[in-house]
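Values in this text are rule-based calculations from the coordinates and carry no lab data. Remember, predicted model here, so these are calculated numbers, not experimental data. Cβ sites come from the backbone with ideal geometry, for glycine too, and all protein chains shown count toward neighbours.
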Amino acid sequence: MSQFINPFTRHDPDRYSIWEMLVKRDIGAFIKNDWEEVAGDFLEEGFMGIDARFLSNPDSWNLSFPNLKSYQQCWCDNAANFTRTEWEDDPQEKLFEATILRDIEISEDNALVHKKFDGSIKKKNGRTEHLNWQTLYRCRKVNGQWKIAGFTGFLPHPWGGSSTHQPAVELPETASQHATAGPYSPVLQINPGQLIVISGQAAINPAGDTMGDTIEEQTKLTLENCRKQLESAGSSLNEVFKVTVYLSDLEHWSRFNTIYKEYFTIPLPVRTAIQTGLLNDFLIEIELWAIK
């Protein structure tokens, strides 16, 4: 099919090689979740990746990938999630169809490459994964081979607003609940801006049993459950910006804080604490808001 064919000819070897690297090899490796296939396409020294978070305002962009190792972990996590997903469409064909790479500016041994995604893939569960973003790659030619030196990625496409790559409200496919859960979602992913909201978590195991007898034990178990739910949505405790804490007894406040401080970094999330009656033998319940 035409979308699988390199639009550049071997008479333009630089652009031909860059397309092979950023489209053919990248998609092939991603589909197989095989980082080793593309590991040689990156320059480790000085590598840096900026995450635009599907937003057009540069003030909202993050230095999410300060080195190649951090980007490799993200790439591998995304590829693993992609390969675990059951697709109705052929995912490789749809990725090729969605990929647009025509604009490559070359100056001496440096290149600025514009890669865009514009398409969608249907899942077997009836949902549709929208592919609408773009990336600016900074490439460098080293010993005759083009390599990726860095990028500004996850930019909205088309420009001017947040991407529609996901529904406005979505339950992450890897989210899970304990057996005695009530009528609520454990975690929701909200667009635009990749807002993550999780329901109140407590010291409870997957079977629905309350764990821990002290406030210290229950605080640790509760925050670990929070971490699990955030990770199911591609976020982490480091991305939390709002916390609501429900305590059965405010006498536990200082002991709770001793454990809580171990889990969060500067800038600390905004927080509200309330004393209230809690279900079962819970001493604490925690609700979080985060970004992705």
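Near LYS147, once Lys and Arg are set to +1 and Asp and Glu to -1 for all other residues with Cβ below 11 Å from its Cβ, the sum equals -1.
Please report the net charge: other residues with Cβ closer than 10 Å to the Cβ of PHE4, K and R +1, D and E -1. With Lys, Arg at +1 and Asp, Glu at -1, the neighbours total -1. Across all Cα pairs in the range 1-88, the calculated P(r) in 10 Å bins from zero up to the longest distance comes to 14, 35, 37, 14, 0 percent per bin.
Where only DSSP H runs of four or more residues are counted, the chain gives -6500 deg cm²/dmol as its mean residue ellipticity at 222 nm, each run worth -39500 (n - 2.57). Projecting the Cα atoms of ASN205, ALA98, TRP253 onto the charge dipole of the chain (Cβ charges, centred on the Cα centre) puts ALA98 farthest toward the positive pole. The order of the peptides 227-233, 252-258 by mean Cβ neighbours within 10 Å, most packed first, is 227-233, 252-258.
The angle between the Cα long axis of helix 215-232 and the main principal axis of the chain comes to about 30°, on a 0 to 90 degree scale.
When the P(r) is computed for the range 1-157, the part past 19 Å accounts for 56% of the Cα-Cα pairs. Relative to the longest principal axis of the Cα atoms of the chain, helix 68-84 runs at roughly 80 degrees.
The smallest convex shape that holds all Cα atoms of the range 8-50, its convex hull, gives 97 Å³ per residue.
Percent of Cα pairs in the chain per distance bin of 5 Å, from zero to the largest separation: 1, 5, 10, 14, 15, 14, 11, 9, 8, 5, 4, 2, 1, 0, 0, 0. Protection proxy ranking for 146-155, 94-103, 66-75, 31-40, using the average of other Cβ atoms within 10 Å per residue and placing the highest first: 146-155, 94-103, 66-75, 31-40. Residue by residue, the range 139-155 carries 3J(HN,Hα) couplings of 10, 9, 8, 10, 6, x, 10, 6, 9, 8, 9, x, 6, 10, x, 6, 7 Hz when phi is fed to the Karplus relation 6.51 cos²θ - 1.76 cosθ + 1.60 (θ = phi - 60°); x denotes Gly or Pro.
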